Amino acid sequence: MIKTYYMLTKPGIIMGNAMTAAGGFALASRGHINVWLLLATLLGVSLVVASSGIFNNYLDREADEKMERTKHRPLARKLIKGSNALIFASCLGIGGFLILALYTNMLAVFTTAAGFVIYVGLYGVWKYRSIHGTLIGSLSGAVPPVIGYCAASNRFDMGALILFLILVLWQMPHFLAIAMYRFDDYKAADLPVLPIKKGMHVTKVHMLLYILAFIVVALMPTVFHYTGYAYLFMAALLGLIWLGLCIQGFMSDNNRLWARSMFRFSLVTITLLCVMLSIDTA
């Protein structure tokens with residue numbers, strides 16, 4: 001039963017959000033990291049992310065039953081009662097917000113609350129109604145690095161804004177790649193994602209434009225003197241490789257295989273960017 005509740009929290013997603021939060025924290029710290037504050041921030045963020053994920057799973061439980069990649073989730077399999085999941089999510093969320101309120105600052109708390117509301121309240125509903133649900137989801141997914149940044153600096157400035165835009169623009173092609181290679185799943189669940197509503201070619205064009213914008217914004221930390229030239233080189237290299245892979249998609253006759261490679265490289269990209277944000281601060 002403990003393992004079932006653990007899987008309900010989506011540990012992989014928690015780890016990804018904690019990684020970006022740590023990157024934002026390190027960027028704002030400028031090489032002088034308060035370890036205890038970092039640990040408190042990551043714990044608080046992780047608990048709130050887990051809470052929001054469970055609330056979202058509760059809203060998705062019927063759709064999850066229809067999708068191959070989600071039909072084994074605890075709520076889809078009815079391994080946990082819906083009421084118990086909601087109580088568990090509430091406890092995690094309250095605990096996370098309390099930790100952030102006690103050990104960070106109110107700016108970080110309010111930023112976290114904004115991300116929570118967007119993900120659970122807006123994304124949870126709009127992804128069933130509009131192709132723009134993906135964009136709403138990317139807004140909430142871009143909040144963790146901003147939380148980390150605000151926790152370390154107690155301010156929202158150009159650095160925080162750049163981090164937010166980097167994550168938004170990274171997530172869009174990342175999510176669209178998932179929608180492409182999981183096309184049948186999304187169609188079975190009647191989710192109005194771009195590949196289903198507008199087709200594969202239009203989706204590829206959107207991905208290309210987002211990656212172009214991502215490359216420009218990913219260079220901004222160095223332009224505004226938040227990072228050094230090692231970060232700039234890595235961001236440019238990753239962006240250009242991702243762009244080249246995207247262009248290849250227009251000539252690919254296997255959209256799902258190509259989309260899966262796009263998805264995998266997107267993970268490499270964001271992981272290495274977070275590492276460089278942490279170690280090459282200006």
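Being in contact with a helix residue (DSSP H, G or I) (Cβ under 8 Å, 6 or more places away or on another chain) and within 18 Å of residue 269 (Cα to Cα): is that true of residue 203 here? For residue 203, the condition - in contact with a helix residue (DSSP H, G or I) (Cβ under 8 Å, 6 or more places away or on another chain) and within 18 Å of residue 269 (Cα to Cα) - is not met. Quick one: in the range 6-42, of everything that is polar (S, T, N, Q) and in a helix (DSSP H, G or I), which residue is surrounded by the fewest Cβ atoms within 10 Å (Cβ to Cβ)? Of everything passing the filter in the range 6-42, 29 is surrounded by the fewest Cβ atoms within 10 Å (Cβ to Cβ). Applying the condition of being among the small types (Gly, Ala, Ser) and more than 23 Å from the chain's Cα centre (by Cα) to the range 71-103 and asking which residue is modelled with the highest pLDDT yields 83.
Going by the conditions given, is residue 190 assigned to a helix (DSSP H, G or I) and of a type in the set (Asp, Glu)?
The answer is no for residue 190.
Residue 254 satisfies every condition listed in (1) at pLDDT below 95; (2) of a type outside the set (Phe, Trp, Tyr); (3) in contact with a helix residue (DSSP H, G or I) (Cβ under 9 Å, 6 or more places away or on another chain) except (3). Of all residue pairs spaced 6 or more apart or on separate chains, those with beta-carbon atoms under 6 Å, a first member in the range 52-66 that is at pLDDT below 75 and a second member that is among the polar types (S, T, N, Q) are 64/70. Within the range 11-40, residues that are closer than 24 Å to residue 268 by Cα and in contact (Cβ under 8 Å) with a residue 60 or more places away in the chain have Cβ atoms under 8 Å from residues that are acidic (Asp, Glu) and open to solvent by 80 Å² or more (accessible area, probe 1.4 Å) in no pair, counting only partners at least 6 apart in sequence or on another chain. If you check 257, 277, 240 for being buried (at least 21 other Cβ atoms within 10 Å of the Cβ) and either farther than 13 Å from residue 176 by Cα or over 21 Å from the mean Cα position of the chain (by Cα) (or both), only one passes: 277.
With respect to the conditions (1) more than 30 Å from residue 1 (Cβ to Cβ); (2) part of a helix (DSSP H, G or I); (3) not aromatic (Phe, Trp, Tyr), residue 155 lacks only one, and its number is (2).
Which one of these is hydroxyl-bearing (Ser, Thr, Tyr) and open to solvent by 60 Å² or more (accessible area, probe 1.4 Å): 181, 186, 210, 229?
Result: 229 is the single residue among 181, 186, 210, 229 that is hydroxyl-bearing (Ser, Thr, Tyr) and open to solvent by 60 Å² or more (accessible area, probe 1.4 Å).
Here residue 112 meets the list (1) at pLDDT 95 or above; (2) of a type in the set (S, T, N, Q); (3) open to solvent by 10 Å² or more (accessible area, probe 1.4 Å) almost entirely, failing just condition (3). Among residues of the range 190-213 that are on the phi > 0 side of the Ramachandran plot, those with a Cβ under 8 angstrom from a residue that is aliphatic (A, V, I, L, M), sequence gap 6+ or separate chain, pair up as 190/63.
The values are calculated or read from the model by the stated rules, or taken from the named source; none is laboratory data. The shown structure was predicted, so the numbers you read here are calculated from the model rather than taken from an experiment. Because the Cβ atoms are built from the backbone with ideal geometry, glycine has one as well, and the counts that use them run over all protein chains shown. To get the accessible areas, we keep the full protein, side chains included, count just its heavy atoms, and leave off ligands, DNA and RNA. Shrake-Rupley method; radii C 1.70, N 1.55, O 1.52, S 1.80 Å.
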